[in-house]
1. Would you please name the residue that is modelled with the lowest pLDDT, looking only at residues in the stretch 53-84 that are among the basic types (Lys, Arg) and under 15 Å from Val12 (Cα atoms)?
2. Can you tell me which residues in the stretch 25-61 are touching a Leu at 6+ places or on another chain (Cβ under 9 Å) and either touching a residue at least 40 places away in the same chain (Cβ under 8 Å) or of a type in the set (Ser, Thr, Tyr) (or both)?
3. Name the residues in the stretch 47-61 that are in contact with a helix residue (DSSP H, G or I) (Cβ under 6 Å, 6 or more places away or on another chain) and closer than 13 Å to Pro24 by Cβ, would you?
4. Do you know which residues across the stretch 1-46 are touching a helix residue (DSSP H, G or I) at 6+ places or on another chain (Cβ under 7 Å), closer than 13 Å to Glu62 by Cβ and surrounded by fewer than 16 Cβ atoms within 10 Å (Cβ to Cβ)?
5. Does the stretch 36-82 hold any residues that are within 13 Å of the chain's Cα centre (by Cα) and of a type in the set (Asp, Glu), and which are they?
6. Run Leu87 past the list (1) out of contact with any Phe, Trp or Tyr (no Cβ under 8 Å at 6 or more places or on another chain); (2) at pLDDT 85 or above and report the number of the one that doesn't hold.
Amino acid sequence: MNKIAVQELLEVLGAFDELGGASPGLVAWELFADEAAVTAAWEHALAEGWLRKAGEDPADDEQLWKLTSRGWAAVRERAPGLSHSPLSEP
(Lines give C-alpha, C1' and ligand atoms only; values in the text may rest on other atoms or scores of the structure.)
Protein backbone atom coordinates (compact mmCIF):
# COMPACT_ATOMS: atom_id res chain seq x y z
CA MET A 1 0.00 0.00 0.00
CA ASN A 2 1.36 3.41 -0.97
CA LYS A 3 1.15 6.22 1.54
CA ILE A 4 -0.44 9.48 0.48
CA ALA A 5 1.88 12.48 0.55
CA VAL A 6 1.02 15.51 2.67
CA GLN A 7 0.86 17.62 -0.51
CA GLU A 8 -1.79 15.32 -2.02
CA LEU A 9 -3.81 15.46 1.19
CA LEU A 10 -3.69 19.26 1.32
CA GLU A 11 -4.70 19.59 -2.31
CA VAL A 12 -7.78 17.41 -1.83
CA LEU A 13 -8.75 19.15 1.41
CA GLY A 14 -8.35 22.52 -0.30
CA ALA A 15 -10.59 21.43 -3.14
CA PHE A 16 -13.33 20.36 -0.71
CA ASP A 17 -13.03 23.36 1.63
CA GLU A 18 -15.87 25.37 0.07
CA LEU A 19 -18.06 22.27 -0.12
CA GLY A 20 -18.11 21.84 3.65
CA GLY A 21 -14.90 19.90 4.19
CA ALA A 22 -13.68 16.35 3.81
CA SER A 23 -13.14 13.24 5.90
CA PRO A 24 -10.18 10.86 5.72
CA GLY A 25 -12.45 8.44 3.86
CA LEU A 26 -13.41 11.03 1.26
CA VAL A 27 -9.76 12.00 0.75
CA ALA A 28 -8.84 8.34 0.28
CA TRP A 29 -11.72 7.83 -2.17
CA GLU A 30 -10.74 10.94 -4.12
CA LEU A 31 -7.12 9.67 -4.40
CA PHE A 32 -8.13 6.07 -5.25
CA ALA A 33 -6.39 4.87 -2.10
CA ASP A 34 -7.14 2.85 0.98
CA GLU A 35 -8.04 4.99 4.01
CA ALA A 36 -5.01 3.59 5.85
CA ALA A 37 -2.79 5.15 3.15
CA VAL A 38 -4.02 8.60 4.24
CA THR A 39 -3.34 8.10 7.97
CA ALA A 40 0.27 9.34 8.21
CA ALA A 41 -0.37 12.50 6.18
CA TRP A 42 -3.63 13.17 8.07
CA GLU A 43 -1.93 12.82 11.45
CA HIS A 44 0.87 15.12 10.29
CA ALA A 45 -1.65 17.76 9.18
CA LEU A 46 -3.47 17.54 12.52
CA ALA A 47 -0.22 17.82 14.48
CA GLU A 48 0.76 20.91 12.47
CA GLY A 49 -2.59 22.57 13.19
CA TRP A 50 -3.56 22.59 9.52
CA LEU A 51 -7.03 21.08 10.04
CA ARG A 52 -10.12 22.09 12.00
CA LYS A 53 -13.42 20.33 12.54
CA ALA A 54 -16.09 21.55 10.15
CA GLY A 55 -19.18 19.53 10.99
CA GLU A 56 -20.54 16.09 10.24
CA ASP A 57 -21.55 14.42 7.01
CA PRO A 58 -25.06 13.18 7.82
CA ALA A 59 -25.03 10.66 4.96
CA ASP A 60 -21.92 8.84 6.19
CA ASP A 61 -21.91 9.99 9.84
CA GLU A 62 -18.29 11.10 9.45
CA GLN A 63 -16.50 14.11 10.90
CA LEU A 64 -15.66 16.67 8.20
CA TRP A 65 -12.53 18.79 8.33
CA LYS A 66 -11.40 22.02 6.66
CA LEU A 67 -8.04 23.71 6.36
CA THR A 68 -7.09 26.35 8.91
CA SER A 69 -5.25 29.54 7.92
CA ARG A 70 -2.03 27.68 8.68
CA GLY A 71 -3.27 24.84 6.49
CA TRP A 72 -3.87 27.23 3.60
CA ALA A 73 -0.38 28.65 4.08
CA ALA A 74 0.97 25.10 3.80
CA VAL A 75 -1.10 24.58 0.64
CA ARG A 76 0.28 27.75 -0.95
CA GLU A 77 3.80 26.67 -0.02
CA ARG A 78 3.43 23.13 -1.40
CA ALA A 79 0.84 23.56 -4.16
CA PRO A 80 0.87 27.14 -5.45
CA GLY A 81 -1.89 26.35 -7.97
CA LEU A 82 -4.44 26.21 -5.13
CA SER A 83 -4.58 29.85 -4.11
CA HIS A 84 -7.92 29.97 -2.28
CA SER A 85 -7.76 31.10 1.30
CA PRO A 86 -10.43 30.92 3.97
CA LEU A 87 -12.75 33.88 4.39
CA SER A 88 -12.97 33.38 8.12
CA GLU A 89 -12.42 30.80 10.80
CA PRO A 90 -14.54 30.20 13.84
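The values are calculated or read from the model by the stated rules, or taken from the named source; none is laboratory data. All values reported here derive from a predicted model rather than from experimental measurement. Cβ: placed from backbone, ideal geometry, glycine included. Neighbour counts: every protein chain shown.
1. Step one: filter the stretch 53-84 for residues among the basic types (Lys, Arg), giving 53, 66, 70, 76, 78.
The next check asks that each one be under 15 Å from Val12 (Cα atoms); those that pass are 66, 76, 78.
Working: Lys66: 96, Arg76: 85, Arg78: 71.
Once the filter is applied, the top-ranked residue is Arg78.
2. Residues of the stretch 25-61 touching a Leu at 6+ places or on another chain (Cβ under 9 Å): 26-27, 31, 37-38, 41-42, 44-45, 50-57, 60.
Trp50, the sole residue that qualifies.
3. Step one: list which residues in the stretch 47-61 are in contact with a helix residue (DSSP H, G or I) (Cβ under 6 Å, 6 or more places away or on another chain), which gives 49-51.
Scanning the stretch 47-61 gives a single hit, Leu51.
4. Within the stretch 1-46, Gly25, Glu35 meet the criteria.
5. Glu43, Glu48
6. (2)
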